[in-house]
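To keep things clear, I will list the structure first and then write my remarks on it.
The values are calculated or read from the model by the stated rules, or taken from the named source; none is laboratory data. Here the structure is a predicted model, which is why all the values come from computation and not from measurement. Heads up, the Cβs are rebuilt from the backbone with ideal geometry, glycines too, and the neighbour counts pull from every protein chain shown.
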Amino acid sequence: MAKGRETSVLVLASSSPRRSQLLTEWGYEFRRIEAPVSETFEPGLEPEAAVRYLAEKKAVAGLKLWRDQRESNQDLVLGADTIVVLNNRILGKPKDEQEAEEMLSTLSGKTHRVMTAIALADYNPNEEIRVWTGLEITTVTFKKLDKEEILAYIATGEPMDKAAAYGIQGKAKDFVLEIEGSLTNVIGLPMELLTAQLEERGSYPKR
């Protein structure tokens, strides 16, 4: 992907309010598009490869849809995917409250990794899609949780749309003993990594 190119529009291919909030807080102007894709991947993929694959899939789907709507090849589309990994097991979004309870019980008193992959997609001068992907990994340690704590948290509804059934920016912050690495990565978008890549492409915060 060309460096130093002026990007007319930064487009977030995500419906996540957390990712939109992070971009806004860091001063970026952007548009948003929803290009739903299946969050499935080939069995046996290592977590790092799986999360990169999903981020790229989202960015490319968003890029194609955005061009159809805007008829522009000059824009840069951002896709992202976040997973939680415990002992090489990927914990996705819980299907129901029972699975949320199982996930939080599994994380209780343990250290896990949060991986977010970001993908930046655009078109080259020959109208071929080009994609850059990056990966950030943060280590998070939970305190011991009792069942009452877990059930009370699930009752808030907060865990149900989040990987591994918790949001560190919400009430689950009280579960955390230690974080090593990027906090924004755990929220859903590693802003330190992203801003460096956007700057290489001539995209800067507006304030």
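Okay, here's what the table says:
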item	result
Set ILE129, ILE179, ILE137, ILE118: member being closer than 30 Å to LEU65 by Cα and either surrounded by fewer than 17 Cβ atoms within 10 Å (Cβ to Cβ) or free of Cβ contacts under 8 Å to residues at least 24 places away in the same chain (or both)	ILE129
Helices (runs of 4 or more DSSP H) contained in segment 139-200 and holding at least 2 residues under 30 Å from LEU76 (Cα atoms)	183-187, 191-200
Cross-chain or 6+ apart pairs with Cβ under 7 Å, segment 163-176 first and without any contact (Cβ under 8 Å) to a residue 24 or more places away in the chain, then assigned to a loop (DSSP other than H, G, I, E, B)	LYS171/THR156; ALA172/TYR166
Out of ALA152, ALA172, ALA163, sole residue that is among the small types (Gly, Ala, Ser) and in contact with a Ser or Thr (Cβ under 7 Å, 6 or more places away or on another chain)	ALA163
Cβ-Cβ under 9 Å pairs, at least 6 apart or on other chains, segment 82-107 side over 23 Å from GLU46 (Cβ atoms) and in contact (Cβ under 8 Å) with a residue 12 or more places away in the chain, far side among the aromatic types (Phe, Trp, Tyr) and part of a helix (DSSP H, G or I)	ALA100/TYR153; LEU104/TYR153; LEU104/PHE175
Segments classed as strands (runs of 3 or more DSSP E), wholly inside segment 19-132, with at least 3 members that are more than 27 Å from SER203 (Cβ to Cβ) and at pLDDT 95 or above	76-86, 111-123
Subset of segment 97-115 (residues that are under 20 Å from the mean Cα position of the chain (by Cα) and surrounded by fewer than 18 Cβ atoms within 10 Å (Cβ to Cβ))	THR111
